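Before any comments, here is the structure.
The values are calculated or read from the model by the stated rules, or taken from the named source; none is laboratory data. Since this is a predicted model, take the numbers as computed values, not measurements. Virtual Cβ from ideal backbone geometry, glycine too; neighbours counted across all protein chains shown.
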Amino acid sequence: MGITVVLGVMAVVYEILGRMMIGKERRKIKETSGKMIYLTGIGIIAAVGIVIVFTVLQSEPGRESPGFWTGFLTVLLLYQAVMEQIFLRDARYPVTTLLTLVLGLVCILLFVL
């Protein structure tokens, strides 16, 4: 099972957990006063990730780097959980994100490594 399958599973799990814990009417960080901070942070994390993928990981063609993906997902989802805690003020939002992170890391550990 590749990393793309794990990422797809994580997206589905995030939606299912969100609907179970929060309901269909989810607020988004983009709808609060933290929109620019959130988008700037996500943009910086994504840019750094893209640079690492195209420069550092090019030295091992055809081989996925689970260590990179584990670290990248951890940083990205922890950032999202912190932003949800700061701007949404509901404990269910970051818990959903952190549960998704844990399940994603378990999937990477079991199926990719």
Quiz prompt | Criterion: at pLDDT 90 or above and more than 25 Å from residue 5 (Cβ to Cβ) - qualifying residue of 41, 23 | solution = 41
Exercise. Mind telling me which of the residues 5, 56, 51, 9 ends up being touching a Gly at 6+ places or on another chain (Cβ under 9 Å) and either aliphatic (A, V, I, L, M) or more than 23 Å from residue 110 (Cβ to Cβ) (or both)?
Key: 9
Quiz item: Among (1) of a type outside the set (Val, Ile, Thr); (2) out of contact with any helix residue (DSSP H, G or I) (no Cβ under 6 Å at 6 or more places or on another chain); (3) in a helix (DSSP H, G or I), which single condition is residue 76 missing?
Solution: (2)
Quiz item: Within the range 31-52, can you find the residues that are surrounded by 12 or more Cβ atoms within 10 Å (Cβ to Cβ) and assigned to a helix (DSSP H, G or I)?
Solution: 35, 37, 38, 39, 41, 42, 45, 46, 48, 49, 52
Exercise. Would you mind telling me which numbered condition in (1) touching a Gly at 6+ places or on another chain (Cβ under 6 Å); (2) at positive phi residue 23 fails?
Key: (1)
Practice problem: Scan (1) surrounded by fewer than 16 Cβ atoms within 10 Å (Cβ to Cβ); (2) more than 14 Å from the chain's Cα centre (by Cα) for the single condition residue 22 breaks and write down its number. | Solution: (1)
